[in-house]
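The structure under discussion appears below in the form of structure tokens.
What follows is calculated from the coordinates using simple rules that are stated; it is not laboratory data. Treat the numbers as computed from the prediction; the structure is a model and nothing was measured. Cβ placement follows ideal geometry from the backbone for every residue including glycine, while neighbour counts extend to all protein chains displayed.
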Amino acid sequence: MIEVNLDSVEPGTMVFNSARVPLGIVRVYRQMNGNGPHKEVRHLDNGKWSDRAAYRRSALYRRIQTETAGRVFIRKVSV
């Protein structure tokens with residue numbers, strides 16, 4: 001396992017906590033911004049039907065970011 005910062009992970013990457021439990025896949029979605037251009041917001045897609053709303057996914061992302069100081073783990077993939 002490789003320790004990385006949650007904000008530096010590429011979208012589409014599965015992240016894990018220190019106990020090797022999967023937290024979810026990092027995704028990016030567009031959020032409306034009034035009359036201005038849209039904002040791209042990162043969130044965690046954990047696959048749970050109850051967490052399908054964007055605000056719940058972004059809240060999960062922010063909670064993990066504050067609890068672990070942004071440190072999560074990714075698996076090393078061999079080519």
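Near Arg62, once Lys and Arg are set to +1 and Asp and Glu to -1 for all other residues with Cβ below 13 Å from its Cβ, the sum equals +2. The mean sequence separation of alpha-carbon pairs under 8 Å and at least six residues apart, normalised by the residue count of the stretch 2-70, gives a relative contact order of 23 percent. Relative to the longest principal axis of the Cα atoms of the chain, the long axis of helix 54-67 makes an angle of roughly 50 degrees.
Ranking Met14, Gly70, Ala53 by how far each Cα lies toward the positive end of the dipole of the stretch 2-70 (charges on Cβ) leaves Ala53 at the top.
Here the sum of -39500 (n - 2.57) over DSSP H runs of 4 or more residues, divided by the residues of the chain, equals -5500 deg cm²/dmol at 222 nm, to the nearest 500. Pair-distance distribution of the stretch 2-70: all C-alpha pairs, bin width 5 Å, starting at 0; shares per bin in whole percent are 3, 16, 28, 25, 15, 8, 3, 1, 0.
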